[in-house]
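This report refers to the structure that appears directly beneath it.
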Amino acid sequence: MKILHEVCSLPTAPFVEDRVIQYARRFAQDRKLDITEDSFGNVLLELRGSARKSPRWVFTAHMDHPGFIADKMRDDSTLEATFRGYVLAEYLKGQKIIFFAGDERIAGVVIGVDAEKETRRATKAIVKVTKRVPINSAGMFDQGESRLKGGKFYSRAIDDLAGLAGAFEMLDRLVRKPPTANIAVLLTRAEEEGFIGAIAASMHPALLRKTDRLIAIECSAMQPYAKQGNGCIIRIGDRTSVFNSSISYFVTEVAGTLAKKDGAFKFQRALMPGGTCEATVYDVYGFMAGSICVPLGNYHNMDRERKKIGPEYIDVNDWKNMVKLFVAIAKSGHEYKPGHVALKAKIEKRFKTLKKFLQ
Ligand SMILES: [Zn+2]
């Protein structure tokens, strides 16, 4: 839980993920994990497994969250900012913002918003600020840092910092006794602007290999059939595509085995159409990718009932279950064979006894 609290309190916005990168570097250093960065600023942490030649499982999460980037001061108290990520413009007016400049926090209030015509998403904002904000500072909705209340975990940014925290929590649990398979965590930039970091990592794969088995971690808008409190979700697809069938099958088998051993473990399996996730990008570029997510409340800080900006929130047990599932996948990852080898064996067993009746 310490990692979840720390990560969900980090300042970030699309293209200005430097605080998250700093945290990742320190995290890797403290645990003596290998860390590599590509020329686009994506980061890979790696825990070597006991069988070095075993293929790698790579858990991926994005480091950004919809937010503001300071462009220029119009005068001493008026800032022009770009808004990055999908949030409806009508939610922004009058909202309190915090800009992060070095160790300093600068408060502001949105007094003007530009929207894209078709989507009505916010693109630019005018912010009244208490002092001059250095250009390129990240700005976030002033919705408080991480806190726990009634089994729900709230923060100004859960998507995808809670996903990233889940992957780190897994590494933290595995580091003393590494599993057989090699395990890595890939952290990407600017997902909220159209998976820019993940596309770079796929087109110019300095960090990824085609033999990697990928799990894209997300926080995805909860659905009537995928509710908070019912467990983490094996996400079989998103708004745009469906994910690797064989990896999804393996992950479901691992989750089923875990549920039999651990009465508290709960999981769901669903297509989550609230948005498009990075697993779609990895699939497009020929990588094998599945996905795991937690159901998210107030997706992208939009409290749709109150029509106001609010904190994002998740059920803390869904997150804990997600971590348990990551650890179980990491520990049994070396047993996975691509191309539905396990499922084929299972269905052919029955075929062998009954095929005689086909004569
Ligand atoms: Zn996300």
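The values are calculated or read from the model by the stated rules, or taken from the named source; none is laboratory data. Remember, it's a predicted structure, so these values are computed and weren't measured experimentally. Because the Cβ atoms are built from the backbone with ideal geometry, glycine has one as well, and the counts that use them run over all protein chains shown.
Report whether or not GLU145 is touching a Ser or Thr at 6+ places or on another chain (Cβ under 7 Å), among the acidic types (Asp, Glu) and away from the ligand (no atom under 16 Å from the Cβ). Judged against the criteria, GLU145 is a match.
Scanning the stretch 1-31 for residues that are touching a Leu at 6+ places or on another chain (Cβ under 8 Å) and of a type in the set (Val, Ile, Thr) yields VAL7, THR12, VAL20, ILE21.
Exactly one residue out of ARG269, ARG350, ARG306 is modelled with pLDDT under 95 and either under 23 Å from the mean Cα position of the chain (by Cα) or in a helix (DSSP H, G or I) (or both): that is ARG350.
Let's see how each residue does on (1) in contact with a Phe, Trp or Tyr (Cβ under 8 Å, 6 or more places away or on another chain); (2) surrounded by fewer than 23 Cβ atoms within 10 Å (Cβ to Cβ):
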| residue | (1), (2) |
| --- | --- |
| GLU37 | no, yes |
| SER54 | no, yes |
| PHE59 | yes, no |
| MET63 | no, no |
| PHE68 | yes, no |
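Test TYR299 against the criterion of being surrounded by fewer than 20 Cβ atoms within 10 Å (Cβ to Cβ) and aromatic (Phe, Trp, Tyr), and give yes or no. Talk me through it step by step, then tell me what you get.
On the way: surrounded by fewer than 20 Cβ atoms within 10 Å (Cβ to Cβ): no; aromatic (Phe, Trp, Tyr): yes.
Spelling it out, it is not the case that TYR299 is surrounded by fewer than 20 Cβ atoms within 10 Å (Cβ to Cβ) and aromatic (Phe, Trp, Tyr).
Please enumerate the residues belonging to the stretch 21-73 that are part of a strand (DSSP E or B), more than 30 Å from LEU88 (Cβ to Cβ) and either within 16 Å of the ligand (Cβ to nearest atom) or modelled with pLDDT under 95 (or both). Across the stretch 21-73, the qualifying residue is only PHE59. State the number of residues belonging to the stretch 284-298 that are closer than 14 Å to ALA198 by Cβ, touching a Leu at 6+ places or on another chain (Cβ under 9 Å) and not in a loop (DSSP other than H, G, I, E, B). Residues in the stretch 284-298 being closer than 14 Å to ALA198 by Cβ, touching a Leu at 6+ places or on another chain (Cβ under 9 Å) and not in a loop (DSSP other than H, G, I, E, B): 2 in total.
Within the stretch 212-241, the residues that satisfy the criterion of being among the small types (Gly, Ala, Ser), under 24 Å from MET288 (Cβ atoms) and in a strand (DSSP E or B) are ALA216, SER220, ALA226, GLY237. Among the criteria (1) part of a strand (DSSP E or B); (2) at pLDDT below 95, the one THR276 does not fulfil is (1). Output yes when any residue across the stretch 168-179 is more than 17 Å from ILE3 (Cα to Cα), within 16 Å of the ligand (Cβ to nearest atom), not charged (D, E, K, R) and not in a helix (DSSP H, G or I), and no when none is. The answer is no, given that none of the residues of the stretch 168-179 is more than 17 Å from ILE3 (Cα to Cα), within 16 Å of the ligand (Cβ to nearest atom), not charged (D, E, K, R) and not in a helix (DSSP H, G or I).
Just one of the listed residues (GLY144, GLY139) is at pLDDT below 95, more than 24 Å from THR36 (Cβ to Cβ) and either touching a strand residue (DSSP E or B) at 6+ places or on another chain (Cβ under 8 Å) or part of a helix (DSSP H, G or I) (or both), and it is GLY144. In the stretch 182-201, the residue that is farthest from the chain's Cα centre (by Cα) out of those that are away from the ligand (no atom under 13 Å from the Cβ) and buried (at least 23 other Cβ atoms within 10 Å of the Cβ) is ASN182.
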